[in-house]
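Colleague: Okay, handing you the structure first.
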Amino acid sequence: MLTTQIEIAAPPAVVREKFLQFDQIPKYSPNGFFISLGPLVPGKALEPGVKMHNVLRGATLEAVVLKNSPSEFRWKGEFYGIFNGEHMFQFRESKEEGNKGGTTFVH
């Protein structure tokens, strides 16, 4: 599994809250790779088993939420039947000396 991580100077609960505000993607990333992310049925809670409809620049990806907890958000998706994979996002309390009270965000 390939992962990356970054330190963020905000508590994990705040980082998670902002991360899951998918409706804000056009505002903070108007020219980004992701156009929109969210549940297939608008307004439906992102619980395990819920289908997602994700629009990317040049493609659409259907996915299923596998986990949505205070420490992790995970989905599994398929791209045109050719590629499939899981995307995991973890919100960990930072152990870094310079980021006490912050978050280690792992993807």
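The values are calculated or read from the model by the stated rules, or taken from the named source; none is laboratory data. Keep in mind that what you see is a predicted model, and the values were worked out from it rather than measured. Counting neighbours? That spans all protein chains shown, and the Cβs are built from the backbone with ideal geometry, glycine included. What goes into the accessible areas is simple: the full protein's heavy atoms, side chains included, and nothing from ligands, DNA or RNA. Shrake-Rupley method; radii C 1.70, N 1.55, O 1.52, S 1.80 Å.
Colleague: Is there a residue in segment 57-64 that is out of contact with any Lys or Arg (no Cβ under 6 Å at 6 or more places or on another chain), β-branched (Val, Ile, Thr), surrounded by fewer than 13 Cβ atoms within 10 Å (Cβ to Cβ) and modelled with pLDDT under 95?
Modeller: Yes, that holds for at least one residue.
Colleague: OK, next. Output the qualifying pairs, or none if there are none: Cβ atoms under 9 angstrom, residues six or more apart or on different chains, first residue in segment 24-37 and without any contact (Cβ under 8 Å) to a residue 24 or more places away in the chain and over 15 Å from Leu61 (Cβ atoms), second residue of a type in the set (Val, Ile, Thr) and surrounded by 13 or more Cβ atoms within 10 Å (Cβ to Cβ).
Modeller: Pro26/Ile35
Colleague: Something else about it: Quick one: Lys44 ticks every box in (1) of a type in the set (D, E, K, R); (2) exposed (fewer than 13 other Cβ atoms within 10 Å of the Cβ); (3) in a loop (DSSP other than H, G, I, E, B) except a single one, so which number is it?
Modeller: Unmet condition: (2).
Colleague: Looking only at segment 95-105, decide whether some residue is part of a strand (DSSP E or B), modelled with pLDDT of 90 or more and in contact with a helix residue (DSSP H, G or I) (Cβ under 7 Å, 6 or more places away or on another chain). Even if it seems obvious, please write down each step before you answer.
Modeller: First, pick out the residues of segment 95-105 that are part of a strand (DSSP E or B): 103-105.
Now drop any that are not modelled with pLDDT of 90 or more, which leaves 103-105.
If we keep only those that are in contact with a helix residue (DSSP H, G or I) (Cβ under 7 Å, 6 or more places away or on another chain) as well, we get 103, 105.
Checked segment 95-105: at least one residue is part of a strand (DSSP E or B), modelled with pLDDT of 90 or more and in contact with a helix residue (DSSP H, G or I) (Cβ under 7 Å, 6 or more places away or on another chain).
Colleague: Please state which one of Asn68, Asn54, Asn84 is open to solvent by 90 Å² or more (accessible area, probe 1.4 Å), polar (S, T, N, Q) and outside any helix (DSSP H, G or I). Before you say what the answer is, go through the steps one by one.
Modeller: Working: Asn68 fails: open to solvent by 90 Å² or more (accessible area, probe 1.4 Å); Asn54 fails: open to solvent by 90 Å² or more (accessible area, probe 1.4 Å).
Selected residue: Asn84, the only one of Asn68, Asn54, Asn84 that is open to solvent by 90 Å² or more (accessible area, probe 1.4 Å), polar (S, T, N, Q) and outside any helix (DSSP H, G or I).
Colleague: So, Gln90, is that one of a type outside the set (Lys, Arg), open to solvent by less than 90 Å² (accessible area, probe 1.4 Å), within 13 Å of the chain's Cα centre (by Cα) and at pLDDT below 95 or not?
Modeller: No; evaluated as a whole, the condition is false for this residue.
Colleague: Can you work out which of the residues in segment 1-38 that are part of a loop (DSSP other than H, G, I, E, B), open to solvent by 40 Å² or more (accessible area, probe 1.4 Å) and in contact with a Gly (Cβ under 7 Å, 6 or more places away or on another chain) is nearest to Arg92 (Cα to Cα)?
Modeller: Per the stated criteria, the residue is Pro11.
Colleague: Which pairs have Cβ atoms under 8 Å, sit 6 or more apart or on different chains, and link a residue in segment 47-68 that is at positive phi to one that is of a type in the set (A, V, I, L, M) and modelled with pLDDT of 95 or more?
Modeller: Gly49/Val64; Gly49/Val65
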